[in-house]
Amino acid sequence: MKNKIFFAIFMTIWILIIILNFIWPKQVFSEEENRMLATIPRFSFASFVSGEYLNGVNDYINDHFAFRDIYLKLNSWWEVKVMGKKENNDVYIGDEGYLFEKFEYGEEEKQNIEENVASISQFAQVMQEQKIPTYFVLVPNSIYVNRDKLPKNVEVPSQKEIIRTVYQNTENTKNIEVTSALEQENRQKPVYFKTDHHMNSDGAYVVYNTFCTTANLQAVPIQDFTKVTVSNEFLGTFDSKAQLINQVPDELFVYENETNTNIEEAIYDRETTDSIFNAEYLEGKDKYSYFLNGNNSRAIIKTKVNNGRKLLVIKDSYAHIMAQFLCENYEEVHFLDPRYTNFNYAEYVQENGITDVLFLYNVSNFLTDTNVTKIMK
Amino acid sequence: MVFSSVVFLYIFLPIMLLIYFLVPKRFKNLVMIISSFIFFAWGEIRYIPIMLILAVMDFWCGNKINKFWEDKKKKRFYLWLDVGVNLLILFFFKYADFIISSINGITGLNIPLLHIPLPIGVSFNTFQSLSYIIDVYRGTVKCEKSFYNYLTYTTLFPQIIAGPIVRYETVDEELVDKKISLDNFSLGMKRFIVGLGKKVLIANNVGALWNVIETGAFGEMTVLLSWVGIISFALQIYFDFSGYSDMAIGLAKIFGMNFDENFNYPYISKSITEFWRRWHITLGSWFRDYIYIPLGGNRKGLPKQIRNILIVWALTRSMAWSIMEFCALGTIFWCYFNNREIVFTESIR
């Protein structure tokens, strides 16, 4: 009798979960985690023998499990709140609400740096021949600048040292050291988001200011901008990854003035607008895309500054938040992201009459991104 | 595929069981064979042909031994042929790279390593094959006349990850006549759930605690923390192994088969001897019955006894690495006790 009751209850629950899984809506993109979910792998004999196919099936089923979001939250609640762990899904939980992504610096990264440095040097040489200056900024990551807020016993390699080595090995560029300035500013007010991997607008201003000094530009003083808070609900990529509950959101703010709110036009991949900001993104999860319309392969900002100077920024997403300041000093600012482009950048420089080039990367991405080498092809 | 994975619990197992219970009796073994192959394919598909060849080999040799029952020489030849092939394959998977790198080291050659991943089940498959062929040779079991049934026995997937080691004599009747009932299903499922809980809820969590302590600085460790570490480790390996065994026994029960128990409250043991009899029982008894006693055990004088102990010691040591590859540290601990235990037991007697 007892067995019959168990059988009835067990089967009901089991079959219910199986059916729910089967009919559960299959999302393509997870807003919560900010990533593409796995798709059904295509079957081929080779992928079956190598195990790739069956692993793909595994991922697909895991990614589309019924109530997946709730399970993720539950798991992080258990790990962090109950077990007291200072880490979930490779994200450290630091002091004062700061989250940090693990930073690794091993052989693979060193190898990649070498290749990236070689490409940049080579490109800068071509620019030098045309009398176009190439600036190079490597921005350290939050985990390094805020290392005093890391959990106990977590060590982070010195990004200052890494940046110094990269600068030493890069030829033909004007390298700009921003780490000390960021660290100094960070003692007064945060220069990074707590829940996201990017710098905030204060950090961006520090980088802009330092860049202007080297590039012989007149930096617009911070007092000449109006600070505008556009969202208080920003939960960034670290939060998505760690899936924490009760995480305090970041403030998303910009520095506006007459020049950067009143541009000629902004040409993005899919649309042309008259703003370097896009308020539509403030409604969704990915609020950082407010800056420069998110990830585009190319973004061209034409300003009302009439000085004939045209800047090409070869960059990752750290440069997006810089747009608000860079358009103060240039007639045109072109942003190119090697991750999404496939053409020769030297030709691009000629065709568009570029006068200055800026490489802007964050350290963590520079160590792992293998697309930088594409610019010379 | 592991038992605690979503794919196993919500796709593989329900589909397999549905088909298994629906098909007529004579096809049930076929369902088991096919699902075992799918189960292994999830880990390492290339091992399946080898598994098939081994099964043919065992089956053929077993029948030859039966045929030449009166002819001692031939009988012995087929026994050693099968044992040899089985061991050769096991040692190939386990030691090929080790041997190559040793040769490279000594001769200065540069033979490339093969980097063959150790397929799951290779050790347990060997244990099962050997117990079958030796039992047939000894006459303790009748040789299997149906290759279909033998293949079912040798590919049984529930116990392949961590045991218990299933001997042919334990299941020979159930290979033909399975005791499928609602009661067995419920009992098996309960057992499986208990095992799953031991593994996921207890072993994984105390394991995480052990990991934290283990990676800390041993020099600065307090006495209390050291003890917490030792206890968490002891609990982790027990709940891990016994959880897997429970799941295997439970699954078998659902399919209508009965496996031997593998753990019997090892931590209540009052002596190391007792521990040896309560911890991974089927492995211990396998070594006792097929290695230690055939070699003469403790009955051929002290020098031979010590030799026998050392052989078992070396074998458990090397075998264990593969059986418990998912818990390498556990193995050291476990071997340490096993080894100590045998030496200990024998020396106090």
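In table form, for the structure just shown:
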quantity: Some residue of region A:301-315 being over 25 Å from A:P221 (Cβ atoms) and part of a loop (DSSP other than H, G, I, E, B); calculated: no
quantity: Subset of region A:234-289 [β-branched (V, I, T), in contact with a Phe, Trp or Tyr (Cβ under 9 Å, 6 or more places away or on another chain), assigned to a loop (DSSP other than H, G, I, E, B) and at pLDDT 90 or above]; calculated: A:I276
quantity: Odd one out for B:M16, checked against (1) buried (at least 19 other Cβ atoms within 10 Å of the Cβ); (2) under 29 Å from B:S181 (Cα atoms); (3) within 14 Å of chain A (Cβ to nearest Cβ); (4) in contact (Cβ under 8 Å) with a residue 24 or more places away in the chain; calculated: (4)
quantity: Helices (runs of 4 or more DSSP H) enclosed by region B:156-258 - at least 3 residues per element that are within 14 Å of another protein chain (Cβ to nearest Cβ) and more than 21 Å from A:K85 (Cα to Cα); calculated: B:182-197, B:223-255
quantity: Flag if B:W60 is closer than 23 Å to B:G139 by Cβ, at pLDDT 90 or above and not polar (S, T, N, Q); calculated: yes
quantity: Of the criteria (1) charged (D, E, K, R); (2) part of a helix (DSSP H, G or I); (3) farther than 27 Å from B:L182 by Cα; (4) free of Cβ contacts under 8 Å to residues at least 40 places away in the same chain, which one B:D82 fails; calculated: (4)
quantity: Residue check for B:W69: away from chain A (no Cβ under 14 Å) and not in a helix (DSSP H, G or I); calculated: yes
quantity: Number of the exception - B:V2 against (1) out of contact with any Leu (no Cβ under 8 Å at 6 or more places or on another chain); (2) assigned to a helix (DSSP H, G or I); (3) of a type in the set (A, V, I, L, M, F, W, C); calculated: (2)
quantity: Hits in region A:272-296 (condition: in contact (Cβ under 8 Å) with a residue 12 or more places away in the chain and loosely packed, with under 13 Cβ neighbours inside 10 Å); calculated: A:A279, A:G284
quantity: Some residue of region A:59-80 being more than 12 Å from every other protein chain (Cβ to nearest Cβ), surrounded by 12 or more Cβ atoms within 10 Å (Cβ to Cβ) and of a type in the set (K, R); calculated: yes
quantity: Check on A:V49, part of a helix (DSSP H, G or I), more than 10 Å from chain B (Cβ to nearest Cβ) and either in contact with a Leu (Cβ under 7 Å, 6 or more places away or on another chain) or surrounded by fewer than 17 Cβ atoms within 10 Å (Cβ to Cβ) (or both); calculated: no
quantity: Close pairs (7 angstrom Cβ cut-off, 6 or more residues apart or separate chains): facing another protein chain (nearest Cβ under 10 Å) in region A:12-27, assigned to a loop (DSSP other than H, G, I, E, B) anywhere; calculated: A:I17/A:A66; A:L20/A:A66; A:N21/A:F65; A:N21/A:A66
quantity: Tabulated pairs, region B:29-50, first within 14 Å of chain A (Cβ to nearest Cβ), second charged (D, E, K, R) and surrounded by 16 or more Cβ atoms within 10 Å (Cβ to Cβ), C-beta under 9 angstrom, 6+ apart or interchain; calculated: none
quantity: Answer from A:V80, A:V49 - the residue that is farther than 28 Å from A:Y288 by Cα and modelled with pLDDT under 80; calculated: A:V49
quantity: Breaking point among (1) closer than 22 Å to B:K145 by Cα; (2) touching a Lys or Arg at 6+ places or on another chain (Cβ under 8 Å); (3) of a type in the set (S, T, N, Q), for B:S4; calculated: (1)
quantity: Filtered residues of region B:152-189 (kept if surrounded by 17 or more Cβ atoms within 10 Å (Cβ to Cβ) and basic (K, R)); calculated: B:R167, B:K178
quantity: Region A:187-228, residues that are surrounded by fewer than 18 Cβ atoms within 10 Å (Cβ to Cβ) and in contact with a strand residue (DSSP E or B) (Cβ under 8 Å, 6 or more places away or on another chain); calculated: A:T214, A:A215, A:I222, A:T226, A:K227, A:V228
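The values are calculated or read from the model by the stated rules, or taken from the named source; none is laboratory data. Values in this document were obtained by computation on a predicted structure and should not be read as measured data. Methodologically, a virtual Cβ is constructed for each residue, glycine included, from the backbone with ideal geometry; neighbour enumeration extends over all protein chains shown.
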